[in-house]
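Chemist: If you scroll down you'll find the structure; I have some questions about it.
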Amino acid sequence: MEAVTANNHQFRVGGEVASLYGGAMHYWRLDRDKWSDILDKVKEMGFTAISTYIPWEVHEIEKGKFDFGTIDPRKDVDAFLTLVHSKGLRAIARPGPQINSELTWFGYPRRVLEDPELHALNAQGTKAVLTQVPRPIPALSYAADKFFDETASWYDAICPILARHVYPNGGLVAVQVDNEMAFFFHVNPYACDYSPAAVEHYRAFLIRKYRDLETICAVYGKYHGSVAELEPPRRFEGSAKKDIPYYTDWIEYREHYLVDSQVRLAGMMKERGLAGIPMFHNYPHPLGPGGAVSGITTPFNIPALEEKLDFVGFDIYSRKELYDHVKTVVSYVVGTSRYPYIPEFIAGVWPWYLHPGGLADEEFVTKAALMHGIKGFSRYMLVERDRWLASPIRRDGRIRPDDCAMFRRANEVARKHRFVVLERQADVLLLAHREYDRLEAASVLVSFPGDFLESPLGFSEYPNFMTVSEEKLGFEEPVQLAKSAWFAQCYRSLTEAGCSFLISDTGLAPKQWRRYKALVVSSFEYMSGSLQRALRDYAEAGGTVVIGPRVPHLDERMCPDSTLAIGLATGRVVHLPTLGTNELELALAPLDLVRFWRNDARLDVAIHRSSDEPKSLLVYVANPTAEPIEAKVGVNTSLKSVAEIWSKRSVPVKGQTWSDTLAAYTINMYKCEL
């Protein structure tokens, strides 16, 4: 029998494309006699998978001793997974070691959090603390060998149980490695980790990158007598372009810190019997609570982590007013990951969320995620529990009828119209520039502690214009600020021009660019030599590259490099010094791109197609505004018929266009026959 695989935007079980439409259910928080009835109701809603945390904190009685149902029957994870399989549902296990899950100790035994040898340190050398409800906890260092030794005792206990349920012997088809690793939400680069082990790893990273101490000294313009004298920056004090590598290397190291720790944990799981199914990780809700259209890279690095794990996703908790946030995050995951999956997709809310949405928000955000290409998800939480409200199923098994009806309809439509084999149509890839994102992160001047709660003041642990240095560093403008404005304008220009596009970042392997006809990427006075060469090669192979506002003449070490400037002569590299009206559209006009037309620029459109049905399109039309819109939409081809599949109604067609009324905050799904 074929294995379980995640690749080419599809999840396959036994060789067959599977729909991984799942939701979270926490067995240990529910009376055991309710499990079966709740799972039946999950199936009735059309879900195909159950995702569950398996918390070290809950199962460990004392160091080296665990309860898996002998004392408390609710903790019998083996029985729970057996029951899930017997119901015909697939299982996704999330054994940590980090859980969060609104647990007091984040999933760790308290004794682990109390061990000072395991604590991450801030730039001042004191304990980095995560301010969370109900109690603050110390952040742990994922650079410390002792941390992995402690985790090994947990994996020794839980992995053999999970291994018994691995497909095809059971229903376990994927396992998550750790959870939302983001330095315990200390995204600010000078908040942590400065523990001795982390600093040693930083020094080792520099040697791997530059090969020897002499090169490091030359790049930094500073003499060091030994590797032990290399110290990471603890605040931003740069004033010239020559200072940039020292600070951005620290940011790049933080990305590797996250990747290396997840790879080590994954290896430990594989050694304990879980090598036969895909492993994945979930980065936390990016961009801060308010959302934005930039800043989607560092300290997260999906391309680098997917070199080691099977797939990586972002969690999404959002509201209908934040359409651009959902579009950006989903378009980025679709443009970057081999399997676009939302490991935590809002259903209900934690009690201390300042601005929670309701069922209308969940319907809108669900459609927005599907619209922009998500192929699988886990609704968090499908089943209510302590410290979680408004799930479709209550912890005693009662349902919320309206909620269940919406989720049932979403799953029904996705299954009937085979969303899992549809491919988002896009010929343009908008690349966030990781080098400039690193500079933005490095030049932050205010250090916020790790806090995953939304700040009443509107500040965020993510860098933004309120917290980043305005120093020009010898350039025409502050690159660390200008890059966000340029990215946002490219995003708007592509949308306004009716160009279908996806998003990734410059860390994506150039071989992945080949599926697109055009790349749009910001460029300032410096750009790594390897990226300049890759863009030149892509252009010489027939692709179109649009850069701006500057043409780079320096590499990442601030040494002369005009590779891309020379490439302008081919005509395939287009330089836009400004992004005025229609400039980007004109640059892409010669290309035969997937495009859409609509009568109102406030509308957004996404087109999907399956190779199985070449004469059919699935077209989403979004009205992300608070006002109704009389919409007229076209996809540049003649249409025989159009039907809105959510509401099951036909729509009048005239040539290449159709008309419909879209209420405020509405997304319609149109099946178009050509």
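Chemist: Just to be sure, is GLY276 outside the structural domain of TYR380 (by TED's automatic domain parsing) and of a type outside the set (D, E, K, R)?
Modeler: So GLY276 fails the test.
Chemist: Filter region 619-670 for residues that are among the aromatic types (Phe, Trp, Tyr) and touching a helix residue (DSSP H, G or I) at 6+ places or on another chain (Cβ under 8 Å); which is farthest from LEU322 (Cα to Cα)? Talk me through it step by step, then tell me what you get.
Modeler: Initially, region 619-670 is screened for residues among the aromatic types (Phe, Trp, Tyr), giving 620, 646, 658, 665, 670.
Checking the rest, the ones that are also touching a helix residue (DSSP H, G or I) at 6+ places or on another chain (Cβ under 8 Å) come to 620, 646, 665.
Details: TYR620: 17, TRP646: 22, TYR665: 10 Å.
Residue satisfying both the conditions and the ranking: TRP646.
Chemist: Sticking with this structure for a sec: What tally of residues in region 298-352 results from selecting those that are farther than 26 Å from TYR257 by Cβ, part of a loop (DSSP other than H, G, I, E, B), of a type in the set (Lys, Arg) and out of contact with any helix residue (DSSP H, G or I) (no Cβ under 6 Å at 6 or more places or on another chain)?
Modeler: Result for region 298-352: 0.
Chemist: Looking at ILE342, ILE251, can you tell me which residue is crowded, with 20+ Cβ neighbours inside 10 Å, on the phi < 0 side of the Ramachandran plot, touching a strand residue (DSSP E or B) at 6+ places or on another chain (Cβ under 9 Å) and not polar (S, T, N, Q)?
Modeler: It is ILE342.
Chemist: Please specify each residue of region 486-499 satisfying the condition of being assigned to a helix (DSSP H, G or I) and either surrounded by 23 or more Cβ atoms within 10 Å (Cβ to Cβ) or touching a residue at least 60 places away in the same chain (Cβ under 8 Å) (or both).
Modeler: Passing the criteria: TRP486, PHE487, ALA488, GLN489, CYS490, TYR491, SER493, LEU494, THR495, GLU496.
Chemist: Quick check on this structure: which one of LEU83, LEU89, LEU113 is within 23 Å of ALA174 (Cα to Cα) and more than 26 Å from the chain's Cα centre (by Cα)?
Modeler: Result of the check over LEU83, LEU89, LEU113: LEU83.
Chemist: Something else now. So ILE61 ticks every box in (1) buried (at least 20 other Cβ atoms within 10 Å of the Cβ); (2) in a strand (DSSP E or B) but one. Which box is left unticked?
Modeler: (1)
Chemist: Wholly within region 500-605, which strands (runs of 3 or more DSSP E) include no fewer than the required count, namely at least 1 residues that are closer than 20 Å to THR297 by Cα?
Modeler: Passing ranges, in order: 501-505, 518-523, 544-549.
Chemist: Just a yes or no: is a residue in region 223-239 surrounded by fewer than 14 Cβ atoms within 10 Å (Cβ to Cβ) and part of a helix (DSSP H, G or I)?
Modeler: Yes, region 223-239 contains at least one residue that is surrounded by fewer than 14 Cβ atoms within 10 Å (Cβ to Cβ) and part of a helix (DSSP H, G or I).
Chemist: Kindly provide the set of residues from region 606-627 that are farther than 28 Å from HIS9 by Cα and surrounded by 13 or more Cβ atoms within 10 Å (Cβ to Cβ), ordered by number.
Modeler: Just the residues of region 606-627 that are farther than 28 Å from HIS9 by Cα, to begin with: 625-627.
Matches in region 606-627: THR625 only.
Chemist: Working only within region 654-674, note down all residues that are among the acidic types (Asp, Glu) and either surrounded by fewer than 14 Cβ atoms within 10 Å (Cβ to Cβ) or not in a strand (DSSP E or B) (or both). Break it down stepwise before answering.
Modeler: Residues of region 654-674 that are among the acidic types (Asp, Glu), as a first pass: 660, 673.
GLU673, the sole residue that qualifies.
Chemist: TYR257 passes all but one of (1) surrounded by fewer than 18 Cβ atoms within 10 Å (Cβ to Cβ); (2) out of contact with any strand residue (DSSP E or B) (no Cβ under 9 Å at 6 or more places or on another chain); (3) at pLDDT 95 or above; which number fails?
Modeler: With (1) surrounded by fewer than 18 Cβ atoms within 10 Å (Cβ to Cβ); (2) out of contact with any strand residue (DSSP E or B) (no Cβ under 9 Å at 6 or more places or on another chain); (3) at pLDDT 95 or above applied to TYR257, the lone miss is (1).
Chemist: A follow-up question, please. Only residues that are in a loop (DSSP other than H, G, I, E, B), touching a Gly at 6+ places or on another chain (Cβ under 6 Å) and surrounded by 23 or more Cβ atoms within 10 Å (Cβ to Cβ): list them for region 1-58, please.
Modeler: Residues satisfying the conditions are LEU20, PHE47, PRO55.
Chemist: While we're looking at this one, here's another question. Can you spot a residue in region 135-145 that is surrounded by 15 or more Cβ atoms within 10 Å (Cβ to Cβ), in contact (Cβ under 8 Å) with a residue 12 or more places away in the chain and closer than 23 Å to SER378 by Cα?
Modeler: No - not one qualifying residue is present in region 135-145.
Chemist: State yes or no: is THR131 assigned by TED's automatic domain parsing to the domain that holds ARG385 and over 21 Å from TYR283 (Cβ atoms)?
Modeler: no
Chemist: Would you mind stating whether ALA218 is in a helix (DSSP H, G or I), free of Cβ contacts under 8 Å to residues at least 60 places away in the same chain, more than 22 Å from PHE314 (Cα to Cα) and among the aliphatic types (A, V, I, L, M)?
Modeler: So ALA218 fits the description; yes.
Chemist: Could you say whether any residue in region 26-42 is farther than 17 Å from TYR380 by Cα, among the polar types (S, T, N, Q), modelled with pLDDT of 95 or more and assigned by TED's automatic domain parsing to the domain that holds PRO278?
Modeler: Within region 26-42, one or more residues are farther than 17 Å from TYR380 by Cα, among the polar types (S, T, N, Q), modelled with pLDDT of 95 or more and assigned by TED's automatic domain parsing to the domain that holds PRO278.
Chemist: Say whether the condition of being over 30 Å from PHE185 (Cα atoms), modelled with pLDDT of 95 or more, surrounded by fewer than 16 Cβ atoms within 10 Å (Cβ to Cβ) and under 23 Å from the mean Cα position of the chain (by Cα) is met by at least one residue in region 69-76.
Modeler: Checking region 69-76: not a single residue is over 30 Å from PHE185 (Cα atoms), modelled with pLDDT of 95 or more, surrounded by fewer than 16 Cβ atoms within 10 Å (Cβ to Cβ) and under 23 Å from the mean Cα position of the chain (by Cα).
Chemist: All but one of (1) polar (S, T, N, Q); (2) within 26 Å of PRO401 (Cβ to Cβ); (3) modelled with pLDDT of 95 or more hold for SER318, so report the exception by its number.
Modeler: (3)
Chemist: Next up: Which number in (1) touching a Leu at 6+ places or on another chain (Cβ under 6 Å); (2) of a type in the set (A, V, I, L, M, F, W, C); (3) not in a helix (DSSP H, G or I) marks the one condition that PHE377 misses?
Modeler: Status for PHE377: all satisfied but (1).
The values are calculated or read from the model by the stated rules, or taken from the named source; none is laboratory data. All values reported here derive from a predicted model rather than from experimental measurement. Note: ideal-geometry Cβ built from the backbone for every residue, glycine included; neighbour counts use all protein chains shown.
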